[in-house]
Amino acid sequence: MRTLIKILAGIAGTLVLLLSAVIGYSWYWQDQPLSIAAETRVELHKGEAFRGFANMLAETGVIEHPLLWTLHARITGSARRVQAGEYLVGPMDTPATLVERLVRGDVIGYEVQLIEGWTVRQVLARLANTPELRQTLAGADELTLLGALGLPEGHAEGMFFPDTYTFSRGMSDADILRSAYRKLQDELSRAWETRAAGLPYSTPYEGLIVASLVEKETGREEDRPHIAQVFVSRLQEGMRLQTDPSVIYGVGAHFDGNLTRTHLRADTPYNTYTRRGLPPTPIALVGTRSLTAAMHPAEGDYLFFVSRGDGTSEFSISLEDHEAAVRKYQLR
């Protein structure tokens, strides 16, 4: 019996020494640089077991001891707190810094930019050509998009704010558009609450429509408030807006870049030469500058404007002066 006890004691002592050595090496190894020569992208999928993730990293040469890494993460509680996503691992990383990054969720960030003046179709095309986004909106258009996003249904044109949106792999095109929709609502609400007095808009949506016309008419900062003033004055006078970008929007995908008299005479809901008042919806994404111009138009009596061909506009009060400007800048 004494012999057996001595043997068991010896085994226990050996196991304690072995376990101490393993734990000591584990802590030492956690702070050693990874044996990779260049930055590597790794992805922890949602619902993936930490041990499976560790084995995948070992198979790709990112870490050397997946079992030690897993045990250490479980002992410290880190394995339960890691976040799914795509991560960038570099030669200066260690097993410890890698697991810390997983716990913080320092995933790789991507960006997608929605541009002022774009239509919904252009936005959807841009998102569809962003491979890091999960695609969920195939087949959606301006008539069905809001419903597909789970938002109040209606026409989607102009309902998204143009900006640069940051996302991580695994997010969807719908996630981006929901964010852009919420931002547009916030921007529109602020602009409406601080709008100038006496504007001929009965709703914020009508102000958004005018802002979209301004957006498409000019990219020149100084001209935006004056173009908005022309539209406001025409609405107040009961005049047709006669804005080409709205006509072009009504022509749709068939427009080839050449606006003709036939287009100007063809009656559509967006033809502001044949119909009075505003078009039924915005015609493009609206940025802050155009939204501000629509809600705070310049003071003045202009009723006409024409492009000078250099990005600026010539404004006129009388039809006679406007026709002279057309001859000078458009018919020369």
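State whether the residues of the stretch 160-177 include one that is of a type in the set (Phe, Trp, Tyr) and either touching a Cys at 6+ places or on another chain (Cβ under 9 Å) or within 30 Å of Ser35 (Cα to Cα) (or both). There is at least one residue in the stretch 160-177 that is of a type in the set (Phe, Trp, Tyr) and either touching a Cys at 6+ places or on another chain (Cβ under 9 Å) or within 30 Å of Ser35 (Cα to Cα) (or both).
Exactly one residue among Thr203, Thr243 is β-branched (Val, Ile, Thr) and surrounded by 14 or more Cβ atoms within 10 Å (Cβ to Cβ), and that residue is Thr243. Looking only at the stretch 138-160, decide whether some residue is more than 23 Å from Pro279 (Cα to Cα), in contact with a strand residue (DSSP E or B) (Cβ under 6 Å, 6 or more places away or on another chain) and surrounded by fewer than 16 Cβ atoms within 10 Å (Cβ to Cβ). Within the stretch 138-160, not a single residue is more than 23 Å from Pro279 (Cα to Cα), in contact with a strand residue (DSSP E or B) (Cβ under 6 Å, 6 or more places away or on another chain) and surrounded by fewer than 16 Cβ atoms within 10 Å (Cβ to Cβ).
To keep it simple, each residue is scored yes or no on (1) in contact with a helix residue (DSSP H, G or I) (Cβ under 8 Å, 6 or more places away or on another chain); (2) part of a helix (DSSP H, G or I).
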position: Tyr28; (1), (2): no, yes
position: Ala79; (1), (2): yes, yes
position: Leu88; (1), (2): no, no
position: Asp106; (1), (2): no, no
position: Glu116; (1), (2): yes, no
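Test Asp321 against the stated conditions and say whether it is farther than 30 Å from Tyr181 by Cα, over 36 Å from the mean Cα position of the chain (by Cα) and surrounded by 13 or more Cβ atoms within 10 Å (Cβ to Cβ). So Asp321 fits the description; yes. Residues that are within 15 Å of Leu34 (Cα to Cα), among the hydroxyl-bearing types (Ser, Thr, Tyr) and open to solvent by less than 50 Å² (accessible area, probe 1.4 Å) within the stretch 53-96 comprise Tyr87, Thr94, listed in sequence order. Just one residue in the set Gln185, Gln236 is in contact with a Pro (Cβ under 6 Å, 6 or more places away or on another chain), in a helix (DSSP H, G or I) and open to solvent by 50 Å² or more (accessible area, probe 1.4 Å); that residue is Gln236.
Say we look at the stretch 246-269 and pick out the residues that are under 27 Å from the mean Cα position of the chain (by Cα) and surrounded by 19 or more Cβ atoms within 10 Å (Cβ to Cβ); which of these is nearest to Ala211 (Cα to Cα)? Going through the qualifying residues, I end up with Ser246. Pairs meeting the criteria (first residue in the stretch 57-76 and assigned to a loop (DSSP other than H, G, I, E, B), second residue open to solvent by 30 Å² or more (accessible area, probe 1.4 Å) and among the β-branched types (Val, Ile, Thr), beta carbons under 9 Å, at least 6 apart or on different chains) are Thr60/Thr40; Gly61/Thr40; Val62/Thr40. Screening Phe305 on (1) open to solvent by less than 50 Å² (accessible area, probe 1.4 Å); (2) without any contact (Cβ under 8 Å) to a residue 40 or more places away in the chain shows it passes everything except condition (2). The residue that is farthest from Ser290 (Cα to Cα), counting only those in the stretch 166-180 that are open to solvent by 20 Å² or more (accessible area, probe 1.4 Å) and free of Cβ contacts under 8 Å to residues at least 60 places away in the same chain, is Met171. The numbered conditions (1) part of a loop (DSSP other than H, G, I, E, B); (2) surrounded by fewer than 20 Cβ atoms within 10 Å (Cβ to Cβ) are all true for Arg126 except (1).
For the structure I just gave you, tell me whether Ser246 is touching a strand residue (DSSP E or B) at 6+ places or on another chain (Cβ under 9 Å), touching a residue at least 12 places away in the same chain (Cβ under 8 Å) and closer than 17 Å to Lys216 by Cβ. I'd like the intermediate steps shown before the answer.
Values: touching a strand residue (DSSP E or B) at 6+ places or on another chain (Cβ under 9 Å): no; touching a residue at least 12 places away in the same chain (Cβ under 8 Å): yes; closer than 17 Å to Lys216 by Cβ: yes.
Considered against the rule, which asks whether it is touching a strand residue (DSSP E or B) at 6+ places or on another chain (Cβ under 9 Å), touching a residue at least 12 places away in the same chain (Cβ under 8 Å) and closer than 17 Å to Lys216 by Cβ, Ser246 comes out as no.
Annotation: Met239 fulfils all but one of (1) within 23 Å of Met159 (Cα to Cα); (2) in contact (Cβ under 8 Å) with a residue 60 or more places away in the chain; the unmet one is (1). Scanning the stretch 276-295 for residues that are touching a helix residue (DSSP H, G or I) at 6+ places or on another chain (Cβ under 7 Å), outside any helix (DSSP H, G or I) and open to solvent by 30 Å² or more (accessible area, probe 1.4 Å) yields one hit, Leu278.
Do you know which residues across the stretch 198-228 are of a type in the set (S, T, N, Q), under 26 Å from Arg261 (Cα atoms) and modelled with pLDDT of 95 or more? Passing the criteria: only Ser212.
Being closer than 21 Å to Pro162 by Cα, open to solvent by less than 40 Å² (accessible area, probe 1.4 Å) and within 23 Å of the chain's Cα centre (by Cα) is a property that holds for Ala191.
Okay, residues lined up against (1) among the hydrophobic types (A, V, I, L, M, F, W, C); (2) under 13 Å from the mean Cα position of the chain (by Cα); (3) at pLDDT 95 or above:
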site: Ala84; (1), (2), (3): yes, no, no
site: Val123; (1), (2), (3): yes, yes, yes
site: Arg126; (1), (2), (3): no, yes, yes
site: Ser168; (1), (2), (3): no, yes, no
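The values are calculated or read from the model by the stated rules, or taken from the named source; none is laboratory data. This is a predicted model, so every value here is computed, not measured. All Cβ positions, even for glycine, are placed from backbone atoms using ideal geometry, and neighbour counts span all protein chains on display. Please note that ligands, DNA and RNA were not included when accessible areas were found on the heavy atoms of the full protein model with its side chains. Shrake-Rupley method; radii C 1.70, N 1.55, O 1.52, S 1.80 Å.
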